[in-house]
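In what follows, a single structure is set out as C-alpha cells and then discussed.
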Amino acid sequence: MKVLLAAMIIVLAGLGFWYSQSSEDTTADDVNQVLPVITRQQILQASDLVAGVKQAVKQNDKAAVKAWLVKATDLAKEAGLPEDDIHYLQSDMAINYLEFHAKRSLFNDAVEQAYYALYDIEPLKIQYPEAQDLFAKADQLIAQRDEIIEQIAAELSSEQHTKEQTLAAARQQWKARFAANQQSN
C-alpha cells in the first residue's frame with residue numbers, strides 16, 4: 001500500500017512539475033500527448049500489489065485479489081494512463097497475470113522451506129503447475145542439498161553406526177544449522 005501511495009505522490013509531483021515548467025504557448029493538444037509518469041507494468045510489479053496478491057492467492061481469496069486490482073486501477077486513472085491500460089487492469093487477464101506470478105512466487109517460497117526442512121518437493125510441483133519451468137532448477141537445488149547431507153554423513157560415519165543412523169545424524173545437523181540461522185535472523 002505504501003508503494004502505491006508513493007507512486008501516486010510521485011505521479012502528482014511529476015504532473016505538478018510539468019505544469020509549472022510548461023510554457024504559455026502550449027496548446028491543448030500538447031497537454032493531451034504527455035506520457036504518463038508510471039506505466040501499467042510498473043503498477044503490476046509494485047511491491048505492495050505483488051505482496052498483497054500473493055497473500056490473497058495463498059489464502060485463496062479472490063475478493064482480495066480484485067480489491068488490489070481496484071487500487072491499481074485507481075492509481076492508473078490518477079496517473080492518466082490510457083483507457084486500454086485501465087481496461088486491462090479491470091480485466092480477468094490482469095487477475096490471471098497476477099495470480100500466475102503469485103503462485104510462482106509461492107512455489108519458490110515453498111521450495112525454500114522444503115530445502116531447509118528436508119521435505120520432498122514433488123507435492124509442490126503438483127500444487128504449483130504454473131512454476132513448471134522452475135522444476136528442473138528446484139530439483140537441482142534439492143539434489144545439491146542431498147549431496148551435502150551425504151558429505152556430512154561421510155564425515156560422521158563410524159563402524160559403530162549404520163549408514164541410515166549416520167544419515168539421520170547428518171539430517172539432524174542440517175536442520176539444526178538452519179534452525180540456528182533462523183533464530184539469529
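Rule-based calculations on the coordinates, nothing more; no lab input. Since this is a predicted model, take the numbers as computed values, not measurements. Every residue, glycine as well, gets a Cβ built from its backbone with ideal geometry; the counts of neighbours run over all protein chains shown.
As a rough guide to protection, the peptides 75-88, 162-175 ranked by mean Cβ packing within 10 Å, highest first, stand as 75-88, 162-175. A straight line joining the Cα centroids of the stretch 41-112 and the stretch 125-179 runs 35 Å. Of the cross-linked pairs 58/137; 103/175; 71/125; 71/103, those separated by over 30 Å at the C-alpha level are 71/125. As a ratio to 2.2 N^0.38 Å, the alpha-carbon radius of gyration for the stretch 34-176 is 1.51.
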